[in-house]
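Quick notes on the structure that follows.
The values are calculated or read from the model by the stated rules, or taken from the named source; none is laboratory data. Model, not experiment: these values are computed from the prediction. FYI the Cβ positions are ideal-geometry reconstructions off the backbone, even for glycines, and counts take in every protein chain you see. Ligands, DNA and RNA are excluded from the accessible area calculation, which covers all protein heavy atoms including side chains. Shrake-Rupley method; radii C 1.70, N 1.55, O 1.52, S 1.80 Å.
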Amino acid sequence: MPLNARLIAVKIAVTFFFTLGLVGLIVGLTPFTACKRAIAGALVSYLVAILAVKAINAILLDAIITKQFERQKEQEYGDEY
């Protein structure tokens, strides 16, 4: 069961947007500058999260397929394998 990459990436990007925007305002940036940087940070975090979740999905699916293949071999050959 693969993870939903888009849903996870959107949640991470929204969190990054508000965090970066708040940090920018606390540091003393103008709201426009803080917003631009928050949007850029959210976009980068979205792309990184998409790639990370896709990599995790590939690893999980490979492990599931390998485990299923091993189970089928055990059932076919019994104690010989």
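Of all residues in the stretch 26-39, which are open to solvent by less than 90 Å² (accessible area, probe 1.4 Å) and either in a loop (DSSP other than H, G, I, E, B) or closer than 15 Å to T15 by Cβ (or both)?
G28, L29, T30, A38
Restricting attention to the stretch 45-81, report how many residues are over 30 Å from T19 (Cβ atoms) and either open to solvent by 60 Å² or more (accessible area, probe 1.4 Å) or at pLDDT 90 or above (or both).
Initial filter on the stretch 45-81 (over 30 Å from T19 (Cβ atoms)): 61-81.
Checking the rest, the ones that are also either open to solvent by 60 Å² or more (accessible area, probe 1.4 Å) or at pLDDT 90 or above (or both) come to 61-77, 79-81.
So the answer is 20.
Say whether the condition of being in contact with a Phe, Trp or Tyr (Cβ under 9 Å, 6 or more places away or on another chain), under 30 Å from Q68 (Cα atoms), assigned to a helix (DSSP H, G or I) and among the hydrophobic types (A, V, I, L, M, F, W, C) is met by at least one residue in the stretch 2-16.
yes
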